[in-house]
Every structure is written in structure tokens, then in C-alpha cells.
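Below: one structure, written as C-alpha cells.
The values are calculated or read from the model by the stated rules, or taken from the named source; none is laboratory data. In this text, all values refer to a predicted model and were calculated from it rather than measured experimentally. Heads up, the Cβs are rebuilt from the backbone with ideal geometry, glycines too, and the neighbour counts pull from every protein chain shown. For the accessible areas, the whole protein counts, side chains as well, though only heavy atoms, and no ligand, DNA or RNA atoms are used. Shrake-Rupley method; radii C 1.70, N 1.55, O 1.52, S 1.80 Å.
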Amino acid sequence: MKLKSSICISAALVSLALYAMLHYDGKHKVRVKSVFDFLRPVPKQLYKLDAGWPRNPEWITGVPYDVAVDHLNSVVYVAQRGDNVSRVLVFTEDGYFQTAWKTNTLDMPHGIFALIEEEQLKSLWITDVGQGPYGHTVKQYSPSGALLKTLGTPGIAGSRLSPLQFDQPADIFIKGEDEVYIVDGDGGMNNRLLKLTDDFSLQWTLGENGTKPGQFYIPHSVTVDDVGRIWVADRGNKRIQVFDTVGGEWIGTWDSCFSEDGPYSVRFTADKKYVVVVQLNISRLLLLAAPPIGAIGECKIVNTIQMADGVRPHLVDVNIKTGAIYVAELGAEQVQKYVPL
């Protein structure tokens, strides 16, 4: 036993010496915080890339900006931009191309949301930030791509003084049957969060351009948790702000996790344990610890997925049945799927 112990200690010392040699910087120093750094476990990854998704990538001929998952029918909708391309592509969850919308009522799709009610896919909602005749609107489509409803005046950028006149609306999230949340101002002048009722009349709105609590600079993504809190990716201010769903009261802010780049997306994992965020300029996906009911506390990074330079992830969606995360990527012009381990 003593011999085995001596061998183990010697092996550890040899490993430490090799580690020190590999980290020698020419000034007789070892760039480690502790001599036992090499023994510390590498953080466990929670998701892995499904490298084979989609099976038919050649159908993505534009630049994907967002994805929406219909978990009931195992279908993924991809909103893309480009010249002479279908604005929405439909894939099975296995990654096979299914169909493309033949609509001509979209200028520049930004966010896409699958509305599921009463155990069926009701419709797809898309925010359009284009400057053309269909832009500055939030539109409802049937699952096959037929335009059902338009919020805002197509082609005309509005101001925050007119409740439903948008200026480059970025994202929409619908909670239940009667809570509609929209963040308005992807580079436009509005910089606001709106809550609409089930008949799409305004319940309340908040925000303006600024850095104080309740103010925004390019609000880019919005979601709602199960305990009555609205989460907004305040991209330009490099923070996430959280509000109460009842009256829009400010609850708290996370900014310590975003010193290098602002949050572009905000969604919850299927088990509600983590907040999914991507940072476009540094091509990174973050999983943040989701706080329980009440104050949100400090931001805590639980897991990081570093993508290749230039991938530029933009917006995400999560399959609440399988837990898979789908990421629309501007630089790589693709959609990637990450599955839980």
C-alpha cells in the first residue's frame, strides 16, 4: 500500500511539473492560481451539439434570424431573410425539410413565436422590422403561412406615443390565452415593452431610451416565466431586466454576466432551471441559473457553450418536450440544435 501511495504521489508531482513547464512564460513564473489547478474538474456540459441537424441544410438559402418550435407536432419553423428566398422554412424535429411558406407579406422577419393552445398549434406570430411596405408590424399566420392578422400600420414606423404603431418590433411572447408581450425597438426609436390583452388592446406599456431601470436601449427578446415575471433582453444596455406581469413593476436587473457583449435572446429551458441567452458578437451560448419566485438576485452562469468565431447566434427557441435548444445564426447562416445530456 505504501508503494502504491508513493507511486501516486510521484505521478502527481510529475504531472504538476509538466503542467508548470507547459505554462512557463519566460520570466520564471507559472501562470496558475494554485498548484492544484490541474486537478480541478472541468465544468460538466449540459448540452451537446446535434451535428446532423438539419438533415437538409441546403434548403436554408437565406440568413436565419429566429426559430420557433411546435413541440406537439415535432416541427421547427425557421424565419430567414434574403433576396428571392422563402421567408419561413419548416423542418421536422429530426431535421428533414418539410415545406416553405409562399407568402409575400414579410419584409424582414425578426422574431417568430409558435402559439400553442388547447393542445394544438394555433398560429405563428412574426415580428417584421423591414422598411418596406410590410414592415414595422407584428403579424399572425396560420401554420401553413396564410396571413391572419396584422398589428401596426404596414410600412410606417411609429412612435411610442401611438400604442400599436411599431418601429422595428423585435420579439413577441404569448403567455396562456390572454397575455401578449412585445418588445418594440430593434434599432428603432421606441425602446419599449408592451402588454396586450387577448383582443390585442393595450393593457400597459413601459420604457423609453435610457439606462435606468425600466428604460431600454434595443430591447431584443422577451419571455415570461411561470411565476409572473417578464424577462427582457436589453441588448444595447448589456443587461436583462425583469418585470412583474400584472402592472409592469420593475423587479431586478442582471448585468454582471454581460460585460463582453449584450444578451440577444432570453428563453427558459424545458425544466425551467436555466435561462438561455446568446451573445452574438462573441458567438457564445449561456445557461444562467433561473431564480425562484421573488427577487432575482445576481446573475450566475452555470454553463457556457463557446461557438466558433463568426457564427453570430441571434435568437433561440426551446422544445419544451425534448429540451432541445435551436439557435438561429447570422454569421454561419444556419440553425444549430443542442440536445440535453
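Overview of values
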| item | result |
| --- | --- |
| Selection within the stretch 291-341 - open to solvent by less than 70 Å² (accessible area, probe 1.4 Å), farther than 13 Å from D66 by Cα and part of a strand (DSSP E or B) | V302, N303, T304, I305, Y338, V339, P340 |
| Residues within the stretch 177-235 that are of a type in the set (V, I, T), assigned to a strand (DSSP E or B) and within 17 Å of the chain's Cα centre (by Cα), tallied | 7 |
| Residues of the stretch 85-104 classified as open to solvent by less than 30 Å² (accessible area, probe 1.4 Å) and part of a strand (DSSP E or B), total | 5 |
| Matching residues in the stretch 209-261 - criterion: being polar (S, T, N, Q), in contact with a Lys or Arg (Cβ under 6 Å, 6 or more places away or on another chain) and open to solvent by 10 Å² or more (accessible area, probe 1.4 Å) | T253 |
| Subset of the stretch 186-208 that is out of contact with any Phe, Trp or Tyr (no Cβ under 6 Å at 6 or more places or on another chain) and farther than 26 Å from I116 by Cα - its residue that is surrounded by the fewest Cβ atoms within 10 Å (Cβ to Cβ) | G187 |
| Close pairs (7 angstrom Cβ cut-off, 6 or more residues apart or separate chains): under 12 Å from V180 (Cα atoms) in the stretch 195-217, of a type in the set (S, T, Y) and part of a loop (DSSP other than H, G, I, E, B) anywhere | Q203/T197 |
| Qualifying residue in the stretch 105-112 (condition: surrounded by fewer than 18 Cβ atoms within 10 Å (Cβ to Cβ) and either modelled with pLDDT under 95 or in a strand (DSSP E or B) (or both)) | no |
| Total residues in the stretch 62-76, condition farther than 18 Å from V266 by Cα and of a type in the set (S, T, Y) | 1 |
